[in-house]
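Remarks on the structure that follows.
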Amino acid sequence: MIEVMKESEGALLGVHVSGLLHEADYRMFLPTLEERFRDYGKLRVLFYADESFEGWDLRAAWEDMSLGLKHASDFERMAVVGAPEWVNWCMKLSAFLMKGEIKIFARDELDDAWAWVKG
């Protein structure tokens with residue numbers, strides 16, 4: 001499941017993910033994300049994975065990769081919080097394609113992640 005976090009406002013978007021992400025999750029979330037890109041251009045995103053997060057199924061992974069490539073220069077900052085180590089490594093590799101900054105945080109560093117992504 002993908003949910004917009006209540007702390008989101010303007011170009012700051014907090015995304016809470018849980019369980020195994022499916023294409024349907026992206027289909028529901030993409031209009032919100034595209035609207036933010038239209039309204040604000042570049043975004044600062046906090047990606048929060050709770051303890052139930054398992055990753056992406058194949059179609060959802062494709063949607064995520066397509067989104068990342070389409071908007072590679074539109075992420076000003078991205079904080080990745082609480083994700084499994086394999087996701088952190090994927091994010092570090094994708095940093096070579098993105099223009100913005102990516103920083104990894106442990107789940108108990110959520111407040112620090114918000115402060116950094118807002119910074």
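For this structure, a couple of remarks:
- Checking each residue in region 67-119 for being in contact with a Gly (Cβ under 8 Å, 6 or more places away or on another chain), modelled with pLDDT of 85 or more and within 16 Å of GLU51 (Cα to Cα) picks out PHE105, ALA106, ARG107, LEU110.
- Scanning region 50-83 for residues that are touching a Phe, Trp or Tyr at 6+ places or on another chain (Cβ under 8 Å) and hydrophobic (A, V, I, L, M, F, W, C) gives ALA60, LEU67, MET78, ALA79, VAL80, VAL81, ALA83.
- Test: residue in region 106-116 that is part of a loop (DSSP other than H, G, I, E, B) and surrounded by fewer than 19 Cβ atoms within 10 Å (Cβ to Cβ): yes
- The residue pairs whose first member lies in region 62-81 and is touching a residue at least 60 places away in the same chain (Cβ under 8 Å) and buried (at least 17 other Cβ atoms within 10 Å of the Cβ), whose second member is of a type outside the set (Lys, Arg) and assigned to a loop (DSSP other than H, G, I, E, B), and whose beta carbons are closer than 8 Å, counting only pairs six or more residues apart or on different chains, are GLU76/ALA11; GLU76/GLY100.
- The number of residues in region 57-83 that are assigned to a helix (DSSP H, G or I) and of a type in the set (A, V, I, L, M, F, W, C) comes to 7.
- Considering residues of region 18-43 that are basic (Lys, Arg) and exposed (fewer than 13 other Cβ atoms within 10 Å of the Cβ) only, the residue modelled with the highest pLDDT: ARG38
- Scanning region 7-24 for residues that are assigned to a loop (DSSP other than H, G, I, E, B) and under 13 Å from GLU63 (Cβ atoms) yields a total of 1.
The values are calculated or read from the model by the stated rules, or taken from the named source; none is laboratory data. Because the structure is a prediction, the values reported are computed rather than measured. In this analysis, Cβ positions are derived from the backbone assuming ideal geometry, glycine residues included, and neighbour counts consider all displayed protein chains.
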